[in-house]
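See structure below.
Rule-based calculations on the coordinates, nothing more; no lab input. None of the values given here were measured: they were computed from a predicted structure. Reconstructed Cβ throughout: ideal geometry from the backbone, glycine too, with neighbour counts over all protein chains shown.
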Amino acid sequence: MLAALQPRNAVTFVLLAALAAVACGDGPAPDDGRGEDADVDPQIVFWEELQELCGQAFEGRLVESEPPDSTFGASSLVMHAHYCDIAEVRIGFHVGEDRSRTWVITPTAAGLELRHDHRHEDGSADDITMYGGESLGTGTASAQDFPADQRTAELVPEAEQNVWTLRLHPDSVFVYALRREGSDRRFRVDFDLTSPVSQRPLPWGGAR
């Protein structure tokens with residue numbers, strides 16, 4: 001656990017957002033006015049539990065895929081939280097020997113943001129990369145939804161109605177899921193947090 005994440009209150013999360021904004025050159029985040037005695041923001045709890053996965057890898061299983069995807073169904077699926085700091089968590093999603101996928105979660109002034117960093121084996125960015133969106137409301141301490149944003153809709157028009165979900169139940173399961181509103185499109189992988197596996201090589205393209 002990063003000491004800078006204590007105590008668990010709304011002020012801490014605003015500080016995280018401010019640090020992330022400064023790191024990105026966006027200036028300070030606004031004061032939300034909730035004060036030191038405000039109730040714990042569920043996104044702070046979610047963020048801290050996410051940080052607890054740092055340096056660990058876990059095997060997953062395909063729970064749902066509509067339409068069916070033979071690649072995911074026939075491959076080993078492993079998540080590896082290989083990079084974490086106060087302003088970013090990066091989780092490589094390894095599909096067999098394919099290390100092209102990384103989930104990037106960051107705190108923002110509005111909450112949390114999920115991006116999908118896709119790379120080729122030589123480290124170069126895929127044509128379709130960094131899509132995703134910001135969290136919907138505050139969510140809960142164990143689940144956050146991320147509707148596709150305008151950037152995603154412009155990059156992948158058919159994904160305009162996508163909603164990605166991350167669920168985290170400490171010492172139990174981490175879930176990555178996708179649904180496409182108004183369609184049958186569904187995808188879900190459950191990762192077993194009770195049995196860490198060996199760390200994986202870094203995703204293609206980077207030290208982080």
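Distances between placed amide hydrogens fall under 5 Å for LEU112 paired with SER135, all partners being 5 or more residues away or on another chain. Remark: spin-label model distance GLU64-GLN161 equals 1.5 nm, labels positioned 7 Å along the Cα→Cβ axis. Each distinct pair of alpha carbons in the range 44-155 adds a 1/r term; the inverse of their mean, the Kirkwood radius, is 15.2 Å. If you take the Cα centroid of the range 81-150 and the Cα centroid of the range 169-208, the two points sit 11 Å apart. Placing a label point 7 Å from the Cα of ARG151 along the Cα-to-Cβ direction, no residue of the range 180-208 has a backbone N closer than 16 Å.
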